[in-house]
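*Asks:* Handing you this structure, nothing more for now.
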DNA sequence: GAAACCAAATCGTCATACTTTTAATCCCGC
DNA sequence: GCGGGATTAAAAGTATGACGATTTGGTTTC
């Protein structure tokens with residue numbers, strides 16, 4: 001999943017530094033400086049920079065150097081960029097953005113899932129709703145998190161829309177993030193759990209409207225909770 | 001906006017070939033072969049491949065070569081990938097996916113825009129609604145398209161959500177695409193125009209619900225029309 | 001003071017050599 | 001024959017030196 005080799009090492013240093021704002025817009029790096037700093041060859045530096053350039057995090061210009069681009073230009077949907085931003089100082093803003101995105105996408109995905117899910121997906125969704133209930137009651141947060149991620153992933157997948165499905169990873173990162181950074185109640189809300197069961201039932205029954213409504217309530221709740229914690 | 005230099009030339013060849021399915025999943029390229037085919041050095045090939053790898057269109061492995069990855073792995077939100085897919089054989093599927101995405105995102109963005117738009121944005125939106133009416137009546141399709149793109153871009157921008165704002169380019173590509181490929185009526189629908197005016201008015205008045213509703217109707221209409229044309 | 005020119009800095013590309021990984025093959029013992 | 005471990009070769013990964021191209025900024029000249 002990660003980018004390999006020496007360029008990967010550079011990315012792992014530069015990406016987070018830029019995404020977190022540590023290297024601010026307009027900051028200039030020189031290729032030679034990076035070679036020395038990381039003890040690698042031009043080849044490696046150039047390839048790493050090319051990748052960052054592909055994400056529009058930096059632009060490389062002759063006689064100028066490698067300049068950090070304004071945030072507005074970044075490929076904010078790139079999973080790496082999202083992860084880097086979540087890991088750094090930009091986390092609150094990133095969580096808010098993702099919250100709004102989820103609020104738009106997940107209810108729509110749930111509605112589509114109710115129409116297009118396979119039998120197997122419906123089964124797995126129901127099973128996960130049960131697991132979710134049990135791990136919540138046992139206050140087993142790691143297991144709960146994993147089931148929650150799987151649940152939302154299946155809904156997105158079952159929407160049969162490749163773009164929604166691609167947001168699985170992103171939603172997973174959000175859920176992981178808010179648990180890791182203790183932005184969640186210690187014991188998951190019973191109400192939220194019930195809503196997950198409702199989504200599963202609605203998808204199984206093919207009730208798009210109900211699935212959409214329940215999912216919207218889930219994400220609205222998460223977003224409200226987030227805003228509470230961040231203010 | 002484009003990637004520059006010789007690697008850019010390679011990208012412009014390989015990207016569309018992969019995105020269109022011409023180079024199918026599992027197809028293998030060798031770096032040396034690409035060097036010869038394009039008459040460029042190793043450096044250039046490697047950098048182009050790195051970029052494609054960053055989009056997860058290909059993976060490079062020792063002793064094997066550069067293999068085209070399954071579509072499910074692609075960074076389907078990358079503007080380049082979207083453009084490449086829209087240009088090739090995958091266009092219908094891409095337009096459908098984007099249609100669903102717009103249906104989820106644009107109404108939500110309109111609601112946020114009604115709350116957060118600046119005075120200038122509200123003014124420009126109203127002005128564009130007028131322009132839209134006039135160019136539609138004059139059946140000036142190129143001008144109409146430009147105004148339509150600008151209109152949706154401003155709404156997304158005014159949502160004050162960086163991820164929604166980033167979809168400006170994508171929505172623009174969709175609108176351009178459906179005009180170019182004659183998936184639109186020759187004379188824009190008067191009803192759709194009125195809805196654009198309604199969105200503008202609602203945003204100006206700060207009426208989030210109304211803005212969302214009108215925008216949803218616009219996108220639903222576009223999606224319905226699209227499905228009609230594609231079936 | 002302005003325009004033309006020149007020089008330096010920096011990335012961009014090429015060619016080549018060497019290293020590392022890994023798939024496939026060969027060969028041996030059973 | 002058949003399994004399995006050593007061998008080989010193919011391909012990408014990395015390093016390095018040389019040169020080209022372009023942009024910036026100062027300097028000269030009128």
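Taken together, the values in this text are just the output of simple stated rules run on the coordinates, not laboratory data. These numbers come from a predicted model, not from an experiment. As a convention, Cβ positions derive from the backbone with ideal geometry for all residues, glycine included, and neighbour counts pool all protein chains shown.
*Asks:* What is segment A:75-180's relative contact order, in percent, from Cα pairs under 8 angstrom and six or more apart in sequence?
*Replies:* Details: 88 pairs, mean separation 32.3, N = 106.
Reported as a whole number, the value is 30 percent.
*Asks:* Something else now. Taking the convex hull of the alpha carbon atoms in segment A:80-146, what volume per residue do you get, in Å³?
*Replies:* 129 Å³
*Asks:* How far apart are the residue A:126 label points across copies, placing each 7 Å from Cα toward Cβ, in nm, shortest first?
*Replies:* Those separations, rounded to one decimal, come out as 5.6 nm.
*Asks:* Taking 7 Å along the Cα-to-C-beta vector as the label spot, tell me the residue A:28-residue A:224 distance in nanometres, rounded to one decimal.
*Replies:* 5.1 nm
*Asks:* Rg and Dmax in Å for segment A:130-174, alpha carbons only: what are they?
*Replies:* Here Rg and the maximum Cα pair distance are 11.6, 35 Å.
*Asks:* How much of the pair distance distribution for the protein assembly as shown lies past 28 Å, counting alpha-carbon pairs only, in percent?
*Replies:* Numbers: 59283 of 106491 pairs.
Counting every Cα pair in the protein assembly as shown, those more than 28 Å apart make up 56 percent.
*Asks:* Continuing with the same structure: Label-point separation (nm) for residue A:93 and residue B:191, each offset 7 Å from Cα along Cα-to-Cβ?
*Replies:* Using points 7 Å along Cα→Cβ, the separation is 4.2 nm.
*Asks:* When chain A is treated as a GNM, springs tying every alpha-carbon pair under 10 Å, which of A:168, A:50, A:83 comes out with the largest mean-square fluctuation?
*Replies:* Per the Cα network of chain A with a 10 Å cutoff, A:50 tops the list.
*Asks:* Another question, then. Which residue is it, in chain B, that holds its beta carbon closest to the axis of the B-onto-A rotation, and how many whole angstrom away?
*Replies:* B:77, 2
*Asks:* Ordered shortest first, which distances in nm separate the 7 Å Cα→C-beta label point of residue B:28 from those of the other copies?
*Replies:* 4.6
*Asks:* Another question, then. Taking every alpha carbon pair in segment B:1-123, what does the distance histogram look like in 10 angstrom bins from 0, in percent?
*Replies:* Percent of Cα pairs in each bin: 12, 37, 25, 14, 9, 3.
*Asks:* Taking chain B as a Gaussian network, where each spring joins two C-alpha atoms under 10 Å apart, which residue of B:34, B:86, B:128 fluctuates the most?
*Replies:* B:34
*Asks:* Still on this structure, I have one more. Once each part is reduced to its C-alpha centroid, what is the distance from segment A:105-133 to segment B:216-231 in angstrom?
*Replies:* Between the Cα centres of segment A:105-133 and segment B:216-231 lies a distance of 26 Å.
*Asks:* When each copy gets a label point 7 Å from Cα toward the beta-carbon at residue B:140, what are the spacings between them in nm, shortest first?
*Replies:* 6.7
*Asks:* For chain A, find the longest principal axis of its Cα atoms and tell me its angle to the long axis of helix A:208-230, 0 to 90°, nearest 10.
*Replies:* 50 degrees
*Asks:* Here's another thing I want to ask about it. Percent of alpha carbon pairs in segment B:41-90 separated by more than 13 Å? If you can, show how the numbers build up before the last one.
*Replies:* On the way: 753 of 1225 pairs.
Value for segment B:41-90: 61 percent of Cα pairs lie more than 13 Å apart.
*Asks:* Okay, moving on. Any chance you could give the angle, 0 to 90 degrees and rounded to 10, that helix B:91-116 forms with the longest Cα principal axis of chain B?
*Replies:* 50 degrees
*Asks:* Let me ask another. Return the tail of the calculated pair distribution for segment B:93-213, meaning the percent of Cα-Cα pairs more than 26 Å apart.
*Replies:* Working: 1007 of 7260 pairs.
Tail of P(r) above 26 Å: 14 percent of Cα pairs.
*Asks:* Something else: Between residue B:61 and residue A:36, what FRET efficiency follows from the Cβ-Cβ distance if R0 is 30 Å, with the result rounded to 0.05?
*Replies:* Details: r = 30 Å, r/R0 = 1.00.
Calculated transfer efficiency: 0.50.
*Asks:* Here is a further query. Please determine, in degrees from 0 to 90 and to the nearest 10, the orientation of helix B:190-205 with respect to the longest principal axis defined by the Cα atoms of chain B, where the helix direction is its Cα long axis.
*Replies:* Taking Cα atoms only, the helix is inclined about 80 degrees.
*Asks:* Rg to Rh ratio, chain B, alpha-carbon atoms and Kirkwood radius?
*Replies:* Working: Rg = 20.4 Å, Rh = 19.2 Å.
Rounded to two decimals, Rg/Rh equals 1.06.
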